[in-house]
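Visitor: Sharing a structure with you now.
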Amino acid sequence: MGVKRALITGIRGQDGAYLAKFLLEKGYEVIGGDRRSSDGDYWRLKALGIDKEVKIVYLDLLELTNIMRVIDKYKPDEVYNLAAQSFVQASFEQPLLTSEVNALGVLRILEALRVFMPEVRFYQASTSELFGKVQAIPQDENTPFYPRSPYGVSKLFAFWITKNYREAYGMFAVNGILFNHESPLRGLEFVTRKITYGLARIKYGLQDKIILGNLEAKRDWGYAPEYVEAMWLMLQADTPEDYVVATGETHSVREFVEIAAEVCGFQLVWKGKGTEERGIDQKTGKTIIEISSEFYRPAEVDILLGNPRKIYEKLGWKPRTSFRELVQIMMEADLKLVSSQVRAHRTL
Ligand code: NAP
Ligand code: G4F
């Protein structure tokens with residue numbers, strides 16, 4: 001068999017970059033779908049040293065004919081649909097756009113594949129947000145869904161339409177129900193990276209504090225490079241099935257802040273309650289964390305905790321990085337990043 005070709009939508013995102021690197025190392029030819037933006041900056045691909053190795057094509061999930069032409073032209077063996085409006089908070093502000101991309105966008109790809117390449121292997125980036133107001137703890141493949149945001153509801157449609165095309169047309173189309181996964185390449189709007197980048201900037205005197213929302217929310221946080229391996233494994237399986245991908249541990253936003261602050265060298269103590277609560281660095285007496293209702297969600301997902309037993313038993317996948325190691329990796333990467341930004345600014 002010749003070189004395998006993979007099409008990754010959302011190539012400019014966190015997972016797109018790690019998956020592209022992983023597939024290139026496996027000898028794949030990687031076509032990266034980019035919806036096109038005015039900056040044209042592939043900083044994540046550059047950070048991984050693969051910006052020259054990925055063939056970039058313009059691919060927007062809003063436009064069916066665009067998707068059809070790309071699929072017909074490149075005829076990929078595997079399609080990984082990672083493109084999405086992926087920020088839950090923004091989905092409350094842009095519910096229609098979120099649904100156009102995350103729900104109908106998936107149907108557009110499936111329709112194009114049904115016409116041009118029904119034999120393809122298709123991965124849909126489903127999410128633990130489907131469990132939302134959780135109906136059981138921990139959550140596995142049999143736990144009923146109860147999404148809590150326009151994002152979650154849009155991904156619910158995507159989950160079921162993927163399953164429907166598998167059952168109706170016999171396509172190899174699967175859902176990876178991935179719990180939160182983070183890395184130094186995570187977007188700055190997500191809470192983990194907001195914390196590590198913000199603390200690094202405070203350390204270097206570039207900002208005074210970070211303003212957060214609900215510190216009690218709990219997430220099952222894993223390390224992104226390991227999660228893209230699970231995506232690939234799902235497409236190599238003998239039969240198309242849906243899998244939960246998680247660590248099996250849950251931690252609060254508060255715990256994340258505390259470990260990141262410790263790695264950063266702060267002595268964090270909490271004072272006050274609710275939106276009046278403050279995180280103070282005992283060494284300097286300065287407030288470095290504040291709370292604002294601006295960052296609370298209209299409907300919150302209080303706790304996510306996944307059970308990854310099925311993917312371990314059937315495909316041999318398991319997480320390798322602990323929660324503390326994850327925080328440490330992200331915090332150290334942001335300290336290095338901000339330090340290099342400060343040095344670059346000084347030499348200007
Ligand atoms: P991400 O960093 O936000 O990347 C998503 C990518 O989708 C971005 O590069 C974005 O392009 C692109 N995109 C947005 N609208 C598009 C459109 N209309 N057409 C084509 N591309 C579009 O997200 P991620 O963390 O890598 O996550 C990858 C996927 O997994 C997403 O579908 C997300 O919902 C899902 N997921 C993520 C997690 C997690 O914890 N990371 C967990 C479960 C599921 P721009 O770069 O131009 O904005
Ligand atoms: O980092 P977050 O924005 O991620 P969230 O909402 O869990 O969604 C991420 O994971 C999903 C998988 O479960 C993906 F499907 C989705 O695409 C995305 O990658 O927020 C995590 C928690 C929330 O409970 C939020 O209320 O942190 C809480 N939080 C507290 N303060 C905050 C903040 N979140 C953000 N973004 N910013 C804050 O200041």
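The values are calculated or read from the model by the stated rules, or taken from the named source; none is laboratory data. All values derive from a computational prediction rather than experimental measurement. Ideal geometry is used to build each Cβ from the backbone, glycine not excepted, and the neighbour counts take in all protein chains shown. Note: accessible area is taken over every heavy atom of the protein model, side chains too, but ligands, DNA and RNA are not part of it. Shrake-Rupley method; radii C 1.70, N 1.55, O 1.52, S 1.80 Å.
Visitor: Hey, if we sort SER126, SER38 by accessible area with the 1.4 Å probe, largest down, what's the order?
Guide: Working: SER126 5, SER38 120 Å².
Correct descending sequence by accessible area is SER38, SER126.
Visitor: Moving to a separate point now. Report the relative contact order of the chain, percent, no decimals, based on alpha-carbon pairs under 8 angstrom and at least 6 residues apart.
Guide: 16
Visitor: Lysine pairs in segment 154-285 with alpha-carbon atoms under 20 Å apart, 8 or more places apart or on different chains: how many are there?
Guide: Lysine pairs satisfying the spacing and distance rule in segment 154-285 number 10.
Visitor: Find the accessible area per residue for segment 165-216; the probe is 1.4 Å, ligands and nucleic acids are left out, and the unit is Å². Could you put the intermediate results ahead of the total?
Guide: On the way: 1890 Å² over 52 residues.
Here the per-residue accessible area is 36 Å².
Visitor: For LYS55, which lysines qualify as cross-link partners when the Cα separation must be under 27 Å and same-chain residues fewer than eight apart are set aside?
Guide: Filter leaves LYS4, LYS21, LYS26, LYS46, LYS73, LYS75.
Visitor: Roll a 1.4 angstrom probe over the protein heavy atoms and tell me the percent of accessible area of segment 129-195 that is carbon or sulfur. Can you show the working numbers first?
Guide: Working: 1350 of 2510 Å².
Of the solvent-accessible surface of segment 129-195, carbon and sulfur hold 54 percent.
Visitor: Given a Förster radius of 35 Å and the C-beta distance between GLN135 and VAL3 as r, what FRET efficiency does 1/(1 + (r/R0)^6) yield to the nearest 0.05?
Guide: Taking R0 as 35 Å, the efficiency between GLN135 and VAL3 is 0.20.
Visitor: Hey, if we sort LYS73, LYS271 by accessible area with the 1.4 Å probe, largest down, what's the order?
Guide: Working: LYS73 145, LYS271 120 Å².
The ordering from most to least exposed comes out as LYS73, LYS271.
Visitor: Go through LEU24, LEU104, LEU19, LEU96 and list them by solvent-accessible area, largest first, probe radius 1.4 Å.
Guide: LEU96, LEU104, LEU24, LEU19
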